[in-house]
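Okay, structure first, notes after.
The values are calculated or read from the model by the stated rules, or taken from the named source; none is laboratory data. Here the structure is a predicted model, which means the values were calculated and not measured. Here the Cβ is made from the backbone with ideal geometry for all residues, glycine too, and neighbour counts use every protein chain on show.
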Amino acid sequence: MNIVLFGPPGVGKGTQSALLVERLNMLQISTGDLLRKAIAAGSELGKQAKGFMDAGALVPDQLVINLVAQEIKSAGGRSVILDGFPRNVQQAGALSEMVQGLGQKIDRAIFLVIDEALLFKRLTGRRVCEKCGATFNLETQPPKKADQCDRCGSALVQRKDDKAEVIGSRLKAYKDSTLPLHEYFQKKGILAEVDADGPVEEVFSRLRKFV
Ligand code: AP5
């Protein structure tokens, strides 16, 4: 089963994807994570993406479409969670062609819904491990030791685009480009909505009903 997880920045797509990977052995394809890795590795893709990401804008479609096409091909038919892709209707069209070309389909597009005021708190409070990528939140999921990853002991950092001044641009990009996917997937008859407000496990059990 292949699913798309979409919703505003900070709604919990990465958190819920991690649980789907751990408990259902699905494969997560997160374009945000892949782009951050490309930046850390200093690759050509990373150099092209960095300015857009730091400013809270979307990276050009063709760069992310190529990236996802490679990942989907190498998934070898394993059930996939697309986290953060597609981000607009053009990317959704490209995804549809990609999966059809492999004799597959997108079974469900799950829209995570939350109040905008909560998003701001989730984003400004997020801290991520530089080494293993584990995610924490100063308010809702604090690490046991300040600024240190519970899983591997490495330093926790704040993502550049989680600074208050960039969040507004990310939300605008979401509303302008990503929100129209709600109607797109509804018309395809594969849309499901999940309330993302509440403890992580509670949100997971709501989401699990659609997977
Ligand atoms: P990306 O990394 O995809 O960022 P995003 O969509 O803005 O989503 P986030 O990663 O910020 O949030 P999330 O929903 O995964 O929330 P999380 O689980 O971490 O993209 C970054 C950038 O890359 C984009 O701005 C763009 O430039 C570029 N990009 C990526 N994909 C692209 C594409 N397809 N096309 C073009 N450009 C692209 O949770 C957030 C916080 O809340 C955490 O601290 C967590 O601990 C906490 N939390 C989660 N769930 C709960 C809960 N239930 N209760 C309490 N706290 C919770």
query = Out of curiosity, is Ala75 under 30 Å from Ser205 (Cβ atoms), modelled with pLDDT under 95 and not β-branched (Val, Ile, Thr)?
reply = yes
query = Taking interchain pairs and intrachain pairs at least six residues apart, which have beta carbon atoms under 9 angstrom, with the first residue in segment 30-51 and over 17 Å from Ala69 (Cβ atoms) and in contact (Cβ under 8 Å) with a residue 12 or more places away in the chain and the second more than 10 Å from the ligand (Cβ to nearest atom) and hydrophobic (A, V, I, L, M, F, W, C)?
reply = Ile39/Leu45
message = Yes or no: segment 5-14 includes at least one residue that is more than 10 Å from the ligand (Cβ to nearest atom), part of a loop (DSSP other than H, G, I, E, B) and either over 16 Å from the mean Cα position of the chain (by Cα) or among the aliphatic types (A, V, I, L, M) (or both).
response = no
inquiry  = Here are the criteria: (1) in a helix (DSSP H, G or I); (2) near the ligand (Cβ under 9 Å from one of its atoms). Tell me which single one Asp197 does not satisfy.
reply    = (1)
ask   = Any idea how many residues of segment 97-106 are within 21 Å of Glu193 (Cβ to Cβ), out of contact with any strand residue (DSSP E or B) (no Cβ under 9 Å at 6 or more places or on another chain) and surrounded by 15 or more Cβ atoms within 10 Å (Cβ to Cβ)?
value = 0
ask   = What about Arg159, is it surrounded by 14 or more Cβ atoms within 10 Å (Cβ to Cβ), under 15 Å from the mean Cα position of the chain (by Cα), farther than 19 Å from Thr31 by Cα and near the ligand (Cβ under 10 Å from one of its atoms)?
value = no
query = Of all residues in segment 107-156 being among the hydroxyl-bearing types (Ser, Thr, Tyr) and over 24 Å from Glu193 (Cα atoms), which is surrounded by the most Cβ atoms within 10 Å (Cβ to Cβ)?
reply = Thr124
ask   = Is it fair to say Lys144 is touching a helix residue (DSSP H, G or I) at 6+ places or on another chain (Cβ under 8 Å) and either without any contact (Cβ under 8 Å) to a residue 60 or more places away in the chain or more than 9 Å from the ligand (Cβ to nearest atom) (or both)?
value = no
